[in-house]
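Contents: one structure, followed by commentary.
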Amino acid sequence: MAGDRANASKATIEGLVRDVACPIQNLDGTATNLSLKCVRECVRGGSPLVILTKDGDLYFPISDKMPDTDQRQELMPFVGKYVRASGTVFERTGTHAIVITEIKEMKEIHLTIEGQ
């Protein structure tokens, strides 16, 4: 999976599983403040899923296979939820991806949700 120049490490990240469009276009959408209605509509429309951390970093879920396989179905139960995900993290010029080996909802994190 990893090439000679891949910047990979084992890591655990925490953040909100959501669509990619809103946090890029709307800075009011954070890891703990979201419009669930908007997230659901974007996800239904096919927007890629990401994990948005409290620091504002976006992590794209990828598979451990080449060619890559879609991770959407595995993440769908977590859309709009704050999670802890562990696995292998890859970074390249500011872009982050994660091969998730374990993911759990963090129910103790308070989310401000609009438009349920």
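Where a number appears in this text, it was derived from the coordinates with a stated rule and is not lab data. Since we're looking at a predicted model, the values are computed, not measured. A quick note on method: Cβ atoms are made from the backbone with ideal geometry, for glycine too, and the neighbour counts reach across all protein chains shown.
Write down the Å³ per residue value for the convex hull defined by the alpha carbon atoms of the chain. Walk me through the numbers before you get to the answer.
Working: hull volume 12.0 nm³, N = 116.
About 103 Å³ per residue, rounded to a whole number.
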(request) Could I have the simple spin-label model distance between T32 and E108, label points 7 Å from Cα toward Cβ, reported in nm to one decimal? (result) 1.4
(request) Distance check, please: which entries in K54/K107; K10/K37; K37/K65 exceed 23 angstrom between their Cα atoms? (result) K10/K37; K37/K65
(request) Compute the separation of the alpha-carbon centres of the range 1-57 and the range 74-107 and state it in Å as a whole number. (result) 8
(message) Name the residue from T69, V99, G115 whose Cα lies farthest towards the positive end of the charge dipole of the chain, charges +1 on Cβ of Lys and Arg and -1 on Cβ of Asp and Glu.
(response) G115
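Size of the dipole of the chain about the Cα centre, Lys and Arg at +1 and Asp and Glu at -1 on the beta carbon, nothing else charged, in debye to 20?
Here the size comes out at about 140 debye.
Of the listed peptides 71-80, 46-55, what is their order by residue-averaged count of other C-beta atoms within 10 Å, with the highest listed first? Intermediate results must be reported in sequence, preceding the final value.
Values: 71-80: 14.7, 46-55: 17.1.
In descending order of packing, they fall as 46-55, 71-80.
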(request) Would you compute, from DSSP H runs of 4+ residues alone, the mean residue ellipticity of the chain at 222 nm, taking -39500 (n - 2.57) per run and dividing by the full residue count, rounded to the nearest 500? (result) -3500 deg cm²/dmol
(request) Report the relative contact order of the chain, percent, no decimals, based on alpha-carbon pairs under 8 angstrom and at least 6 residues apart. (result) 35
(request) Subtract the Cα-Cα distance of S47 and M66 from 0.36 nm times their separation in residues, and report this length gain in nm to one decimal. (result) 4.6 nm
